[in-house]
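What follows is a single structure, written as structure tokens, with notes after it.
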Amino acid sequence: MTTPRALTLIVYAPALGGKDGRTVDVIHGMEKALPGLRLEWRLSAGGRPIPLPQRDAWLLESIEDGEFPIVCNGDVSSPVTVDGRERPGLLSPGGQPMFEVHAKMPLDEPVIAAAAAVLEAVAEGARAFWGHASPYGYGSEVAQQYRHSTHAPEVSPRGLPTLNLPQKLPSPEIPCFLGWLNYWSAAAARAIGFPDPSRDGELLTRARRTASGGGVVQLTDAPLDLDNPAHLDALKRAYERFPVIGGRDSP
């Protein structure tokens, strides 16, 4: 259930409590946002799709230790997968355990067209603090930005700013990094100072407001490609605009 060109989506939300209905809200939201998507299969130990005739009930019963297992669309040629994971407080901003939703989809035209709506649906369903959607492999780029010691350089190999590790951030509302598509809850938007009409004109042309008062902001028209100088410059400008992201400064 993998694909060489994929979109990775991750949102960061308050930890699950028991048989938390947010898990079902996430799945329903994805299905509504991406036309034709049905996430009605689980994966066997060997990776084979198995139908889930009572998916919602199964999903709630499968929550364990703040996580839920992979559900998918059952299509091995064009897989869509989603699962929930617990992030321990030791590795989280403010020392609070978190609930992470991870989704992976083919990076094709239908997904690109619906990506902002899918990110919004997953994040709103999870009641997330913040989240992102970026081409698969983007996490390795972000990993090079993290400051692992006080002697780390101020910029990454691509000239992007150095970010503090998530556990060094004071609160979960502060996004740890920027991606291609960025979901900021109302609380996260306040924390980073977005929007400012006098400074965010360009970003606002590629932004959508969510029902909960947050927003989804798209940095580039096409999926982020850091080998494209224009895309790299757009990412650098966004980091300069929001110095609080990654715990680099106060708003």
Spacing of the two label points (7 Å from each Cα toward its C-beta) at Ala186 and Gln144, in nm: 3.9 nm
Among Ala121, Gln144, Leu9 - extreme Cα towards positive end, dipole of the chain, charges at beta-carbon: Gln144
Net lengthening on full extension, Arg158/Asp225 (0.36 nm per residue, minus Cα-Cα): 22.9 nm
Rotationally averaged projected area of region 58-161 (alpha carbon convex hull; nm²): 8.9 nm²
Highest to lowest packing among 42-51, 226-235, scored as the average C-beta count within 10 Å: 226-235, 42-51
Charge dipole magnitude, Cβ of K and R +1, D and E -1 - the chain, Cα centre, debye nearest 20: 260 debye
Simple label model, 7 Å out from Cα along Cβ direction - Ala113 to Arg85, nm: 3.1 nm
Only Lys, Arg (+1) and Asp, Glu (-1) charged, at Cβ; region 6-48 dipole about Cα centre in debye: 120 debye
Prolate/oblate/rounded label for region 117-161 (Cα gyration tensor, a/c 1.5): prolate
Cα gyration tensor shape for region 133-251, rounded if a/c is under 1.5, else prolate or oblate: oblate
Peptide ranges 83-95, 147-159, 122-134 listed from the most packed, as the mean C-beta count within 10 angstrom indicates: 122-134, 83-95, 147-159
Kyte-Doolittle mean at least 0.5 and Cα axial length at least 15 Å: DSSP H helices in the chain: 109-126
Förster radius 22 Å - calculated FRET efficiency between Lys168 and Arg127 (Cβ-Cβ, nearest 0.05): 0.35
Pair Asp65, Ser44: separation of 7 Å Cα→Cβ label points (nm): 2.5 nm
For the chain, average projected area of the Cα convex hull in nm²: 13.3 nm²
Lysine pairs meeting the criterion (Cα under 25 Å, 8 or more apart or interchain), as found in the chain: 4
Solvent-accessible area per residue for region 37-122 (1.4 angstrom probe, square angstrom): 46 Å²
Accessible area of region 120-220 belonging to carbon and sulfur atoms, whole % at 1.4 Å probe: 54 percent
Computed over the chain: relative contact order in percent, which uses C-alpha pairs under 8 Å that are six or more apart: 20 percent
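The values are calculated or read from the model by the stated rules, or taken from the named source; none is laboratory data. Computed from a predicted model, the values in this text were never measured in an experiment. FYI the Cβ positions are ideal-geometry reconstructions off the backbone, even for glycines, and counts take in every protein chain you see. SASA here: full protein model, heavy atoms, side chains in, ligands and nucleic acids out. Shrake-Rupley method; radii C 1.70, N 1.55, O 1.52, S 1.80 Å.
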